[in-house]
Amino acid sequence: MTELTKSFSRRRFIASASVGAMGIQALTPISAFAGVNYDVIIIGAGTAGIPCAIHAAVAGAKVLLIDKSVQIGGSLWLAGGSMAAAGTRLQARKGIVDSPDMHYDDVMHLGHNKAVPEIVRRYVENAGPMADWLEDLGFQVRDGEPVAGRGGHAAFSVARYFQGPEKGRSILKVLLPALKQQVDAGRVRILMSTGVDELVMDRQKNVKGVIATSDNGVRTQFSARKVVITSGGYCSSPEMFKKVTGYECYARTAYYMAKGEGLLLGERAGGFIRGGENQILGPGGIVNGRNLPTVFAWQPELDYKRRPQWEIRVNQQGQRFVREDHPDQDERDILFTRQSTQRMWLIFDQQINEQAPAILRGKSKEDVEVLFGSHPMFFREPTIEALADRAQLNAENLKRTVEEYNSGVRNKKDVLGREFLPCEITKAPFYAIEVTGGNLVGFGGLAVNADMQLLRHDGSVIRNLYAAGEVIGLSTIAGDTVVSGTGVTPSLTFGRLIGRSVMRKV
Ligand SMILES: Cc1cc2nc3c(=O)[nH]c(=O)nc-3n(C[C@H](O)[C@H](O)[C@H](O)COP(=O)(O)OP(=O)(O)OC[C@H]3O[C@@H](n4cnc5c(N)ncnc54)[C@H](O)[C@@H]3O)c2cc1C
């Protein structure tokens, strides 16, 4: 079985698991969903779309939930599903004192005050009730949670970060039965394998429905009082990634349907995209080749807490740009993003090659040795100049950088403040490994107000049109860094809020 067939079968399997469990007749023709005036049409049955549908239905709405994929659930199938919320019952049981104000201060501070304050305020006030609602549905957290922080991102000031034992799937496990109840009650209809490709507007430029195309090419118009875009981000579309951020999309690591189609729908309706300049690309991994976008073949261990960093990191100009053992991963990622072409090279010598622990996660030193000479991202040469030449780095700068680093090792004082200085880089042959930027989440997104209504450039609201989830961009909540939980939690929280308000007049 090829990789492609395997992933297709897996998708079909998951699809049958999610769609089948929902009791949806996959073969129902698209025309059977038309001719109804829905209260709300939700574009995307993922993290934000599912809670939106459930709450709209509970509020009495007639809901049409449309998804382009063959499976319900969107990014929750792959996400870590780590969430952050203040003032939850979970915290209260553990005696943790927290409040939306404290959460607000943390989020704004960690995101360097680049998030949208009124939306962060709405988020922190409603994330706690959302978490309690998940608990009501049966969601359970991992032992020992919540915690202040986990992984490499900056920790919160108190323990408010939690995850289910099956990561994002733990969330789906409780959402799907709740959605099924509404489907069974006839309040939610779900149309799968159908992409929304146009919004229908009236003469006053108010939204009044959508046009969608099924995967067998049938185009159909649907009417609704309100439309909600919950179609996710753009990190699986190199074109959209470049359009929104200006950066290259080296490898696809996000959900396969995160193609930014909702951003285009919003733009065509008069909305606009903001926050793309806040996109950060951590050093994602080592790509498999130069035909982009490709996949990350290997992950170097770049966290000094898991593996002491013996190498130096240089940009294409042959200059160091970061203290390799900087304790803050977000700071390291921001500095990496600022380098031209969002690539860096790990430079080391024979002594480091012999003495340092293996650099690639899950690979032995022998495995890595084979790659030098056989893989286009691994270089080994007898001199620094030859190494620079092969890896296409500025040779003069690289030589100067290595000399400066060596002098810092001798004097025990590194110019960038690095503390771990095990040995000079002097012993031939010399090595370089090329690492390229990667991204899971889109920072740019459609501009909305605190009620999640789409905005035009002049600040006016596009009537009847709402958005939630990654389509509004991570930077709306997280500014220019990955504030823990700000992908999944706001998606669920705002999806829920829109659903609850859908039967209101405006
Ligand atoms: C590997 C990974 C790990 C992550 N871990 C975390 C984490 O631990 N914590 C965290 O906070 N965030 C995390 N994130 C980010 C988070 O998962 C996402 O930001 C969030 O789930 C997005 O939710 P959404 O509802 O916007 O999109 P999705 O959940 O992706 O749903 C969008 C849906 O819209 C559908 N769709 C797309 N286009 C159309 C169209 N034209 N018409 C109809 N339907 C359409 C898609 O098929 C999909 O079902 C992670 C992301 C990844 C990729």
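Since every read-out is calculated from the coordinates, none of them should be taken as a lab result. Note that the structure is predicted; figures quoted are calculated from it, not measured. Virtual Cβ from ideal backbone geometry, glycine too; neighbours counted across all protein chains shown.
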Residues residue 297 and residue 428, FRET efficiency given R0 of 35 Å [Cβ-Cβ distance, rounded to 0.05]: 0.85
Within the range 52-74, backbone nitrogen closer than 13 Å to the virtual label 7 Å beyond the Cα of residue 505 toward Cβ: none
Kirkwood Rh in Å, taken over the range 282-438 so that all alpha-carbon pairs contribute: 15.5
Cut-off 14 Å between beta-carbons: net charge of the residues surrounding residue 413, Lys and Arg +1, Asp and Glu -1: 0
Selection from 464, 406, 99 lying farthest towards where the dipole of the chain points positive, charges on Cβ: 464
Pairs beyond 31 Å (Cα-Cα), from 173/208; 226/259; 62/94: 173/208; 62/94
Ranked list, fewest to most other Cβ atoms within 10 Å of each Cβ, for 197, 202: 202, 197
Neighbour count of at most 15 Cβ within 10 Å plus DSSP loop: longest trypsin sites (Lys or Arg not before Pro)-free window in the chain: 95-202
Spatial separation of Cα centroids for the range 412-433 and the range 120-155, in angstrom: 41
The range 276-343 versus the range 63-113: alpha-carbon centroid distance in Å: 27
Rel. contact order, % - alpha carbon contacts under 8 angstrom, at least six apart, the chain: 23
Formal net charge of residues neighbouring residue 193 (Cβ-Cβ distance under 11 Å; K, R +1; D, E -1): -1
Alpha-carbon Rg with Dmax, taken over the chain, Å: 24.5, 78
Ranking of 235, 249, 52 by count of other Cβ atoms within 10 Å, fewest first: 249, 235, 52
Sorted by Cβ density within 10 Å, fewest first, the residues 455, 421: 421, 455
Proximal lysines to residue 427, defined as alpha-carbon separation beneath 16 angstrom and excluding residues fewer than eight positions away on the same chain: 399
Furthest towards positive pole of dipole, 326, 420, 372, structure part the range 282-438, Cβ charges: 326
Computed over the range 80-219, the ratio Rg/Rh where both radii use C-alpha atoms and Rh is Kirkwood: 1.08
Total charge dipole magnitude, the chain, about the Cα centre, Cβ charges on Lys, Arg, Asp, Glu only, Debye to nearest 20: 1540
J(HN,Hα) series, the range 33-45, from Karplus relation 6.51 cos²θ - 1.76 cosθ + 1.60, nearest Hz, glycine and proline x: 9, 8, x, 10, 8, 6, 6, 8, 10, 10, 9, x, 9
Additional length obtainable on full extension of the chain from residue 132 to residue 114, 0.36 nm per residue less Cα span: 3.6 nm
Net charge over other residues, Cβ less than 12 angstrom from the Cβ of residue 360 (K, R count +1; D, E count -1): 0
Selection from 395, 185, 237 lying farthest towards where the dipole of the chain points positive, charges on Cβ: 185
